[in-house]
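The structure appears below as structure tokens.
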Amino acid sequence: MWIDQTIGLAHCYESDKCQPGRPWYARSLVFHKWLSAQFGVAPRALGDEIDWLFDAASGDLAREAEGRAAALQERSKVQREPYVNDDMPWPGEDPEFASVIENALVEELERAVSQPLAPKLAEIARAYMTSENKRKNLVGEGFEDALAAILRRLPNIESRYEVFVRPSLHELPGFNGPRGREKTRKVDLALVRRTDQWRILVSCKWSVRSDREEQFATDFDNYAHLESLGDSFGYVLITNEFDPARLAAACEMRKLNSSMFTDVVHVNPAGPRAVYEAPSLARKRPSTGAARALEYIDAGRVSSLATWLSSLES
């Protein structure tokens, strides 16, 4: 979890749909209060309790960016040498952005800002925004790596299963390699039981966008096409999706005569339940998606991550 800076609340849904005045802003308020209560902290203090993944990685990202910028700056000196007397703009220089910051500071502090300060602040602000944009890339693989770390640290699972992170499908027992010019198929996470080679292919998606819903079925077809033992395999979705219709749809996806996903796992279904059932959001005509999602949660079709891990241990 992390704080969506555009609304100041814990991120549980697409940022553009969570802005004030839109339905998911009210739901985000409910979720933020619920999550704060789970941590036993005031709502304003929640940000200090979450976002460990990005906080730990952001330092590495910043150091890498600084090193890359310094190296590029050094190389650019030779290229800029013929223009040393022409006052050419520097890479990343944005006088308009710096002016906006300077004017804001002058208005706030009622004093003139020294010339080097505004550009420096603009550089810091731009670096911050750039690092935030990297979150999308980090969350996907970070979620997979975090789940793999959990699986490998539970003795009853680690002793029973071999855990693969982002393997090519043919690296797993009982799957053929790509044929002809077919591209290599990969899996987010896979478990292979040591005793009988039972295979569990896991799709790890922190959120489920509409394009991913189609991809689930495509991936399954590819996996089935390349299966070489004529045997079944587990196909599991692990997500933190809060959209009730998308969560319900994952439960309802079918292939031939059975459910496509053997398990639909939510990080913590109590979070969506708190949002769906909040008295402050009660409507005369309840959301069909919420009703379906709650039905699947109640029936155990949507299980918690803790429950799924326990099933692997038993």
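The values are calculated or read from the model by the stated rules, or taken from the named source; none is laboratory data. Model, not experiment: these values are computed from the prediction. Quick reminder, even Gly has a Cβ in these numbers, built from the backbone with ideal geometry, and neighbours come from all protein chains shown.
General remarks:
- Considering residues of region 207-235 that are of a type outside the set (Ser, Thr, Tyr) and within 17 Å of the chain's Cα centre (by Cα) only, the residue surrounded by the fewest Cβ atoms within 10 Å (Cβ to Cβ): ASP211
- Counted as qualifying within region 116-219 are the helices (runs of 4 or more DSSP H) with 2 or more residues that are modelled with pLDDT of 95 or more, namely 135-153, 155-158.
Every residue, every condition in (1) of a type in the set (Asp, Glu); (2) in contact with a His (Cβ under 9 Å, 6 or more places away or on another chain); (3) modelled with pLDDT under 70, yes or no:
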| residue | (1), (2), (3) |
| --- | --- |
| LYS17 | no, no, no |
| PRO23 | no, no, no |
| ARG27 | no, no, no |
| ASP48 | yes, no, no |
| TRP52 | no, no, no |
| ALA70 | no, no, no |
| MET88 | no, no, no |
| PRO91 | no, no, yes |
| ILE101 | no, no, yes |
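- Test: residue in region 3-15 that is at pLDDT 80 or above and over 19 Å from SER207 (Cα atoms): yes
- Residues considered: PHE242, PHE216. Of these, the only one that is in contact (Cβ under 8 Å) with a residue 40 or more places away in the chain and under 16 Å from VAL187 (Cα atoms) is PHE216.
- Checklist (1) under 19 Å from ALA274 (Cβ atoms); (2) in contact with a helix residue (DSSP H, G or I) (Cβ under 8 Å, 6 or more places away or on another chain); (3) assigned to a helix (DSSP H, G or I); (4) of a type in the set (Phe, Trp, Tyr) applied to PHE54, failing item: (1)
- Of the candidates PHE233, PHE242, the single residue that is in the same structural domain as TRP308 (by TED's automatic domain parsing) and under 21 Å from GLU141 (Cα atoms) is PHE242.
- ASN240, sole failed condition from (1) modelled with pLDDT of 95 or more; (2) closer than 26 Å to TYR161 by Cα; (3) touching a helix residue (DSSP H, G or I) at 6+ places or on another chain (Cβ under 6 Å): (3)
- Pairs meeting the criteria (first residue in region 140-162 and under 27 Å from ARG212 (Cβ atoms), second residue modelled with pLDDT under 95 and of a type in the set (A, V, I, L, M), beta carbons under 7 Å, at least 6 apart or on different chains) are GLY142/LEU53; ALA146/LEU53.
- In region 58-74, the condition of being free of Cβ contacts under 8 Å to residues at least 40 places away in the same chain and hydroxyl-bearing (Ser, Thr, Tyr) is met by no residue.
- Candidates ASP243, ASP298, ASP231 - the one that is under 21 Å from LEU29 (Cα atoms) and among the charged types (D, E, K, R): ASP243
- Residue list for region 223-273, filter: in a helix (DSSP H, G or I), within 30 Å of SER36 (Cβ to Cβ) and among the charged types (D, E, K, R): ARG246, ARG273
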